[in-house]
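To start, the structure itself, in structure tokens.
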Amino acid sequence: MKDSRPSAHVADAPARRSTDEQARFEAGLVQMFEQRITFNAVLGLKVESLAPGDVRLRLPMKPDLVGHFAFGRLHGGAISATLDALGGLALMVELAERHPAEGADQVMHRFGRFGTIDLRVDYLRPGLGTSFVARAEVTRLGGRVGSVQTRMVNQDGTLIATGSAAYVIA
């Protein structure tokens, strides 16, 4: 007689949030990062991707972000702030993956406990361009601290800056 019980690996798999709930989470995350965090809105940050392992932000160049008036270079503070915001965003996406059964509100609530512990930015080339894209890779996600590596390129793919950061997440 065949055993009708589910196999152990199927029974142990955590439930995933529904497609609608995932879409609600992603829309809430985009709204929070692009609009509710006012400084990100001032910078003009736009979420390009929330895919796990491929979290990206776009920073359009605008006159308010020029740091060197004679050359029209992107201000280092705008670069640093973008990489810092990106690190937090990447950790939110990774936390959502780690807790797949939690609803959008539960995952978003976790953001209230985030804070940057350490941020290091290496400015590799002048920030020249019409737009910039920053990507993040979560290198560690523990119970209390998360670590992220970031990169920023201009529209031609020229590497402008890299960063590493640590965040308190609990």
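Annotations
- Residues V168, V107, V121, sorted so that the one with the fewest Cβ neighbours within 10 Å comes first: V168, V121, V107
- Nonlocal amide H pairs with M61, under 5 Å, H built at 1.01 Å: S131, F132
- A dipole drawn for segment 16-168 from +1 and -1 charges on Cβ atoms has a positive end, and of F114, L124, A101 the residue lying farthest that way is L124.
- Stretch gain in nm, segment A101-R125, where the contour uses 0.36 nm per residue and the Cα spacing is subtracted: 4.4 nm
- Taking θ as phi - 60° and the Karplus parameters 6.51, -1.76 and 1.60, the scalar couplings of segment 125-134 work out to 8, x, x, 9, x, 9, 7, 9, 10, 10 Hz in sequence order, x denoting glycine and proline.
- Backbone N under 20 Å from the T158 label point (7 Å along Cα→Cβ), restricted to segment 30-62: 58-62
- Extension gain (nm, one decimal) between R36 and A51, 0.36 nm per residue minus Cα-Cα: 3.3 nm
- Going by neighbour counts of Cβ atoms within 10 Å, the residues E102, E48 line up, fewest first, as E48, E102.
- Each distinct pair of alpha carbons in segment 20-108 adds a 1/r term; the inverse of their mean, the Kirkwood radius, is 13.9 Å.
- Each Lys and Arg adds +1 at its Cβ and each Asp and Glu adds -1 at its Cβ; summed about the Cα centre, segment 42-134 shows a dipole of about 300 debye.
- Nearest-20 debye value, the chain charge dipole, Cβ charges on Lys, Arg, Asp, Glu: 160
- Environment charge of A161, counting only residues whose C-beta is closer than 13 Å and scoring Lys/Arg +1, Asp/Glu -1: +3
- Over segment 16-168, the Kirkwood radius and the radius of gyration, each from Cα atoms, give a ratio Rg/Rh of 0.98.
Here, each number is a calculation from the coordinates, and none is a lab measurement. Treat the numbers as computed from the prediction; the structure is a model and nothing was measured. For neighbour counting, all protein chains shown are included, and Cβ atoms are generated from backbone atoms with ideal geometry for every residue, glycine included.
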